[in-house]
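The values are calculated or read from the model by the stated rules, or taken from the named source; none is laboratory data. Just so it is clear, the model here is predicted, and its values are computed rather than measured. Counting neighbours? That spans all protein chains shown, and the Cβs are built from the backbone with ideal geometry, glycine included.
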Amino acid sequence: MNDKTFVDTNVLIYAHNVDAKAKHEVAKLVLQELWSSRSGTLSMQVLQEFYVNATREIPRPISKASARLVVNIYTIWCVETTPSEISNAFRIEDESRLGFWDALIVAAAIKSGANRILSEDLNAGQTISGVRIENPFATMQQATAPAPFQADDCDERLPFRGCISRFELSWSGTRWPSNVHGMSVNQGMNSVFAMWSVM
């Protein structure tokens, strides 16, 4: 049985967003489990969206250096998007009535061999081309009313899905490997855990 899990941008951001409170804890736990089981996967699109949101599109942007470190740590999970995935995304967009960027997430998850996508934005419970959508925050949302969405929280002209609010990283005093591109899975996992321990 395939146990790979594709992580959407919102889960990655919540894991590094101490202001997200309960969602931060849930996302952190989910990613710790995926690092431990070596079953996490994501795409360049997710990393690009994370970087743009973290450095430009949130009320208190983080430094480019900090965001780049997160991106570099997660490159070990990254599946390459090719013209084939773009063609597959077109098909998924038409068949599943998703927006193109969401369809590209699903196409990348299919390529990675994932059997599920963790996302707050996609339709939880839906299965698209054999990949199940799960919202790791669903039980939390039933217990608490969501904060009202502010229209000025995002810029619809930008090529990413979703809007992130109140995101801030606090990594002062943490030492990082000098060559994150050459990190092993264990080094990446340990770097992520160290990052969370100082938040």
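For this structure, a couple of remarks:
- Qualifying residue in the range 74-82 (condition: more than 26 Å from Ser129 (Cβ to Cβ), out of contact with any Cys (no Cβ under 7 Å at 6 or more places or on another chain), touching a residue at least 40 places away in the same chain (Cβ under 8 Å) and aliphatic (A, V, I, L, M)): no
- Residue count, the range 1-46 (criterion: of a type outside the set (A, V, I, L, M), part of a helix (DSSP H, G or I) and buried (at least 24 other Cβ atoms within 10 Å of the Cβ)): 3
- The range 117-132 residues that are among the basic types (Lys, Arg), paired with ones that are assigned to a strand (DSSP E or B) (beta carbon under 6 Å, 6 or more apart): Arg132/Arg116
- Candidate set: the range 38-72, residues that are modelled with pLDDT under 95 and polar (S, T, N, Q); chosen: the one farthest from Ser119 (Cα to Cα): Ser63
- Index of the failed condition, Tyr14 passing every other in (1) of a type outside the set (A, V, I, L, M, F, W, C); (2) at pLDDT 90 or above; (3) within 10 Å of the chain's Cα centre (by Cα): (2)
- Which listed residue is in contact (Cβ under 8 Å) with a residue 24 or more places away in the chain, closer than 19 Å to Phe6 by Cβ and over 17 Å from the mean Cα position of the chain (by Cα), from Leu104, Leu42, Leu98: Leu98
- Candidate set from the range 95-137 (those that are basic (Lys, Arg) and under 24 Å from Pro83 (Cβ atoms)); member that is modelled with the highest pLDDT: Lys111
- Applying the criterion of at least 1 residues that are under 24 Å from Ala15 (Cα atoms) to the helices (runs of 4 or more DSSP H) found wholly in the range 49-142 leaves 64-74, 100-112.
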